[in-house]
Amino acid sequence: MAAVEAKPKSVRRAKYWDENVEEAYRFQLAGYRDEIEYSKFHPQEVIDRWPHNNYIKKLKRRNDGLFYYYNKERECLDKEIHKIKLYTH
């Protein structure tokens, strides 16, 4: 029997950049809602992060299982911020 999916209680769009928006951007670029959904698809995988700022370094893409590699610094541009969904569990 499958586990019950942890659905978010609410969702809102980001209005300005911060580290939470950057984290959500990286998960959503790879095809996942957030870290909870990523962990559901890859329960044994530890998320690889950059040591100096704890940003995500790489994630498995949802559609094909290949890796998506991210830079050490901010990747979410100001023009992309309004597209990012922030979920509350």
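All of the numbers you see were taken from the coordinates with simple rules; none came from a lab. Predicted model only: the values in this text are computed from it and were never measured. Virtual Cβ from ideal backbone geometry, glycine too; neighbours counted across all protein chains shown.
Computed quantities for the displayed model
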item	result
Test result for residue 68, aromatic (Phe, Trp, Tyr) and in a strand (DSSP E or B)	yes
Filter result for residue 63 (surrounded by 10 or more Cβ atoms within 10 Å (Cβ to Cβ), free of Cβ contacts under 8 Å to residues at least 40 places away in the same chain, farther than 22 Å from residue 89 by Cβ and not hydrophobic (A, V, I, L, M, F, W, C))	no
Scan of the range 69-89 for residues that are touching a residue at least 40 places away in the same chain (Cβ under 8 Å) and among the aromatic types (Phe, Trp, Tyr), ordered by number	70, 87
Extreme residue, farthest from residue 79 (Cα to Cα), among residues of the range 27-50 that are assigned to a loop (DSSP other than H, G, I, E, B) and hydrophobic (A, V, I, L, M, F, W, C)	46
Residue check, residue 20 on the phi > 0 side of the Ramachandran plot, out of contact with any Lys or Arg (no Cβ under 7 Å at 6 or more places or on another chain) and not acidic (Asp, Glu)	no
Single residue of 24, 6 found to be assigned to a loop (DSSP other than H, G, I, E, B) and either touching a residue at least 40 places away in the same chain (Cβ under 8 Å) or of a type in the set (A, V, I, L, M) (or both)	6
Among the candidates 38, 69, residue that is closer than 20 Å to residue 85 by Cα, among the aromatic types (Phe, Trp, Tyr) and in contact with a Lys or Arg (Cβ under 9 Å, 6 or more places away or on another chain)	38
Residue check, residue 50 out of contact with any Cys (no Cβ under 9 Å at 6 or more places or on another chain) and either surrounded by fewer than 17 Cβ atoms within 10 Å (Cβ to Cβ) or of a type in the set (D, E, K, R) (or both)	yes
